[in-house]
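In what follows, a structure is listed as structure tokens, so that the remarks can point back to it.
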Amino acid sequence: MGENRDPTITNAIDEHALEERLARLRYHLEATGELPIDRRSNRWLGEAESIARDLATSDLDRETVARRVSKISGLLAEVEETGHDEADQHLAAARRECTDLLES
């Protein structure tokens, strides 16, 4: 088994870039809320959107940001597809943003 590590966001990304990326994550998740998607997906995406909104509007340390982005990533993993092409595109973009943030 792999080792269990806490997620991190390094200082390789500056504060301004981090804020922009969190805003993009929020945008993609909010966009799914504007579209007609299935109820099961809506539940997971709604929770992820709430966390992303908090991240984009709060002044949190990087450790907390990383944990919350990891939580969002886990919620997004619960959704295979939304039943709406545009929402699926936003879902894919949000997943990429989470991955990029956690790998930065």
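Which shape class applies to region 30-88: rounded if a/c is under 1.5, otherwise prolate when a/b exceeds b/c and oblate if not, where a ≥ b ≥ c are the square roots of the Cα gyration tensor eigenvalues?
prolate
Under a point spin-label approximation (7 Å from Cα along Cα-to-Cβ), what is the Glu34-Glu47 distance to one decimal in nm?
Distance between label points: 2.5 nm.
Under 13 Å from a point placed 7 Å out from the Cα of Arg96 along the Cα-to-Cβ direction: which residues of region 57-86 have their backbone N that close?
Residues passing the 13 Å test: none.
Given the Cα-Cα distance of Gln89 and Ser58 and 0.36 nm per residue of separation, how much length would full extension add, in nm?
Between Gln89 and Ser58, full extension yields an extra 8.5 nm.
If you place +1 on the Cβ of every Lys and Arg, -1 on the Cβ of every Asp and Glu, and leave all else neutral, what size is the dipole of the chain about its Cα centre, to the nearest 20 Debye?
240 debye
Which of Gly74, Thr32, Ser58 sits farthest toward the positive end of the charge dipole of the chain, with +1 on the Cβ of Lys and Arg and -1 on the Cβ of Asp and Glu?
Result: Gly74.
Once both axes come from the Cα atoms, what is the angle between helix 39-57 and the longest principal axis of the chain, in degrees from 0 to 90, rounded to 10?
Rounded to the nearest ten degrees, it is 30.
With a 1.4 Å probe and all protein chains left in place, how much of the accessible area of the chain comes from carbon and sulfur atoms, in whole percent?
On the chain, the fraction of accessible area on carbon and sulfur atoms equals 42 percent.
For the chain, what is the calculated [θ] at 222 nm in deg cm²/dmol (nearest 500), taking -39500 (n - 2.57) for each run of four or more DSSP H residues and dividing by its residue count?
-24000 deg cm²/dmol, from helical runs alone.
Heavy-atom accessible area of Asp61 with all protein chains present, probe 1.4 Å, nearest 10 Å²?
The accessible area of Asp61 comes to roughly 90 Å².
Would you mind getting the accessible area per residue of the chain, heavy atoms of the protein chains only, 1.4 Å probe, in Å²?
63 Å²
The values are calculated or read from the model by the stated rules, or taken from the named source; none is laboratory data. Given the structure is predicted, the values throughout are model-derived calculations rather than measurements. Please note: Cβ atoms are built from the backbone with ideal geometry, for glycine as well, and neighbour counts cover all protein chains shown. Areas reflect the complete protein model, heavy atoms only, side chains present, ligands, DNA and RNA absent. Shrake-Rupley method; radii C 1.70, N 1.55, O 1.52, S 1.80 Å.
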